[in-house]
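The values are calculated or read from the model by the stated rules, or taken from the named source; none is laboratory data. Remember, predicted model here, so these are calculated numbers, not experimental data. Because the Cβ atoms are built from the backbone with ideal geometry, glycine has one as well, and the counts that use them run over all protein chains shown. Heads up: the accessible areas ignore ligands, DNA and RNA and are worked out on the full protein's heavy atoms, side chains in. Shrake-Rupley method; radii C 1.70, N 1.55, O 1.52, S 1.80 Å.
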Amino acid sequence: MQFRMLPHLDQQGDICGLTGIGEDLRLRQTLKTQEAMAERIMNSTIEGILVTDARARIQRVNPAFTQITGYTAEEVIGKTPKFLRSNHHEQSFYDLMNRALLQAGNWQGEIWNRRKSGELYLQWMSVSALHEHEGGEITHFVSIFHDLTEIRAKEAEIEQLAFRDPLTGLGNRYKLNQVLKHQLRDGRADQCTGLALLCIDIGHLYPINDRFGMKGGDQLIKYQARRLSQRMGQHLHFYRVTGDELVALRVDFSDPSEIARYAGECIKHLQEPVFLNGESIRMSPSIGIALSPKDTCESDVLLANAQTAMLAAKHSGRDCFQFYDQALSSELRQRLMLEQELRLAIESGARMGLQLYLQPKVNLGRPGFAGAEVLLRWQHPEKGMIPPAHFIPLAEESRLIVQLDRWVFERTCELLNQWQQQGVLAHWQQQGWPLPLLSINLSGRQLQQTDLVNWCTATVERYGLVPGMLELEITETACINLSATVLEQLLDLKAVGFRLALDDFGTGYSSLTYLRHLPLDVVKIDRSFVTDSCRNKRAATLLRGVIRMLHEMDFRVIAEGIETEEQADLLQSMECTTGQGYLYHRPMPVAEFLDLLRTEH
């Protein structure tokens, strides 16, 4: 408390009384504390604060105002905030703001302003009118704002991460789904927008990854995506949904023929050469097209239909496009079901009808066998015998071919182990039949597996065998673009004792190159080469020269696909001593093969 004493004087000027006045200082102290707190808040807050009088003349700003706008307090006191305007808004925008302040006493929203540097920036601003007393005249305006630039940048970054493919910069699957659901109105047929969805497979990416690594594959995808965006971006919106699969969207198209033209142009652009590490690569794209509302008004179904049509285009040989239809969907569903059943059949312990068949190799011009080739057959428990021409391409497309190769390899080792236990191998060797006893086909993709040599060696050892009991056949086409990795695999297989055969010789384009570089023991002449030689003199002359050359290079020569006595006689005259084909024996189950051995000997 604070006291003051006021004296009272009489007529003579003497003190005749006193009046004491007491003042409670706690209220004043509270007010000072609140003023100091308000000052600290104003100076420390990250929001800019601007106070004007009733005529909008700036009276005070806080440090955050200076930090955001670049203007100091000395530069703005006495001015109106008009110098901050960016000219981004029309005058009507400010008229609405002023009307809201006069009528409601406040306004808030986003507004573009200009910093002292001239940079435009977006801010969130709240302006309030202060009155002398309730219902009285306006005395001040207080504006509180914060810079949205960094927030918007972070939102854009989040948008980029959530809805953009980081490799190509295209929208991703989530963005595509968002756009489709908006355009298709969540599947409501009465509000369904007409649009076309093109699902684009840029080509065989697996061989690119195998040859150039994942980095090379990424470079190819990025280049092809940019090529389509630059050349077709004015007609189509592009998205990347999976590894080598892009999607193009066309809204409000007028005619399906228009979409067909765009698809054809996309294929043409994707077929143009791409250069990776100095090598020219040509891709074989496939495009599937689904239309809305013709095919569906549901976004997920539309995308699935486009992918179904794309698979049909791939199965048609690639380098083409295909429109979706119901019959197509049914056929591909059957293929997908067959793929799943094949996957189950390969799994250890599954009994889904996969069987080993053997086709004997015979000595030409003299009795006896020269071994046998292991072939795979599929006796499906419900569908019956499924031809290899149906399920082998399916395995290659789905990358099941690696597992399928290894299934055959392991079952062959298991079979040889059984024969070893039963004395069959000993009997075979007593007859003078040379090793290797059985030959197994390896796919091109198998040769690209880094663990191939170790896996083959370990499997042979696990069944108590030696590598020299097996011959591994590789096709000529698998050696196209022969990489150092594949060549090293073959050299290692040869080094551990496996014998190597080149299958289908005469069907490729660089056969002599393979003969010089590959560590081969056997060359198998393709059946087409044999067939042509009986009908064409030049083909016969060429075959005779090839066989002579192979003998001089110390290769064992086997002729495939012998079907007539004429072919057999011709090959014998060319000193080809080993062959296989329907003239002698068709592929047969293992039990039948053993019976044949007993009958022949």
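The table for this structure:
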{"quantity": "Gyration tensor verdict on the stretch 144-263 (Cα atoms; rounded if a/c is under 1.5, prolate if a/b is larger than b/c, oblate otherwise)", "calculated": "oblate"}
{"quantity": "Virtual spin-label span in nm between Asn363 and Tyr206, 7 Å along Cα→Cβ", "calculated": "4.1"}
{"quantity": "Kyte-Doolittle mean at least 1.6 and Cα axial length at least 27 Å: DSSP H helices in the chain", "calculated": "none"}
{"quantity": "Structure-derived Cα extents along the principal axes in Å - corresponding label in [x] 163, 58, 48; [y] 90, 59, 41; [z] 153, 47, 35", "calculated": "[x]"}
{"quantity": "Packing-based ranking, highest mean first, of 553-561, 285-293, 377-385 given that Cβ atoms within 10 Å are counted", "calculated": "285-293, 553-561, 377-385"}
{"quantity": "Order by protection proxy (mean Cβ within 10 Å, highest first), peptides 93-100, 69-76", "calculated": "69-76, 93-100"}
{"quantity": "Residue-averaged [θ]222 nm for the chain, counting only DSSP H segments that reach four residues, each worth -39500 (n - 2.57)", "calculated": "-14000 deg cm²/dmol"}
{"quantity": "Hypothetical label at Gln418: residues of the stretch 353-371 whose amide nitrogen lies under 19 Å (7 Å Cα-Cβ projection)", "calculated": "353-360"}
{"quantity": "Residue-level accessible surface for Phe275, protein heavy atoms, 1.4 Å, Å²", "calculated": "140"}
{"quantity": "Residues whose placed amide H lies under 5 Å from that of Leu376, excluding near-sequence neighbours", "calculated": "Tyr357"}
{"quantity": "Stretch gain in nm, segment Thr599-Arg40, where the contour uses 0.36 nm per residue and the Cα spacing is subtracted", "calculated": "190.5 nm"}
{"quantity": "Two-site FRET efficiency, Phe275 against Leu96, from Cβ-Cβ distance with R₀ of 51 Å, rounded to 0.05", "calculated": "0.30"}
{"quantity": "For the stretch 517-601, size of Cβ-based charge dipole, Lys and Arg +1, Asp and Glu -1, in debye", "calculated": "300"}
{"quantity": "Point-to-point label distance, Glu396-Tyr582, nm (Cα→Cβ direction, 7 Å offset)", "calculated": "2.1"}
{"quantity": "Carbon + sulfur, % of accessible area of the stretch 540-601 - ligands and nucleic acids excluded, 1.4 Å", "calculated": "49"}
{"quantity": "Spacing of the two label points (7 Å from each Cα toward its C-beta) at Cys534 and Met553, in nm", "calculated": "2.6"}
{"quantity": "Most positive-pole-ward Cα, Asn454, Phe65, Leu416, against dipole of the chain from beta carbon charges", "calculated": "Phe65"}
{"quantity": "Euclidean distance of C-alpha centroids, the stretch 389-448 and the stretch 225-298, integer Å", "calculated": "42"}
{"quantity": "Mean accessible surface per residue for the chain, computed with a 1.4 Å probe while every protein chain stays in place, in Å²", "calculated": "53"}
{"quantity": "Reachable lysines from Lys82, criterion Cα separation under 20 angstrom, eight or more residues apart if same chain", "calculated": "Lys116"}
{"quantity": "Solvent-accessible area, 1.4 Å probe, carbon plus sulfur percent, for the stretch 162-266", "calculated": "46"}
{"quantity": "Shape call, the stretch 455-601: gyration tensor on alpha carbons, a/c limit 1.5", "calculated": "oblate"}
{"quantity": "Two-site FRET efficiency, Ala591 against Lys383, from Cβ-Cβ distance with R₀ of 25 Å, rounded to 0.05", "calculated": "0.65"}
{"quantity": "Size of charge dipole - the stretch 259-300 - debye, nearest 20, with Cβ of Lys, Arg +1 and Asp, Glu -1, no other charges", "calculated": "220"}
{"quantity": "Subset of Lys175/Lys222; Lys181/Lys268; Lys181/Lys294; Lys154/Lys215 violating a 20 Å alpha-carbon distance limit", "calculated": "Lys181/Lys268; Lys154/Lys215"}
{"quantity": "Anisotropy class of the stretch 273-380 from Cα gyration tensor, a/c 1.5 cut", "calculated": "oblate"}
{"quantity": "Assigned charges on the beta-carbon of Lys, Arg, Asp, Glu; the stretch 294-341 dipole about Cα centre (debye)", "calculated": "140"}
{"quantity": "Accessible surface ranking that places the most exposed of Tyr223, Tyr584, Tyr463 first, with a 1.4 angstrom probe", "calculated": "Tyr223, Tyr584, Tyr463"}
{"quantity": "Linear extension gain, Leu130 paired with Val466, 0.36 nm per residue minus alpha-carbon span", "calculated": "111.3 nm"}
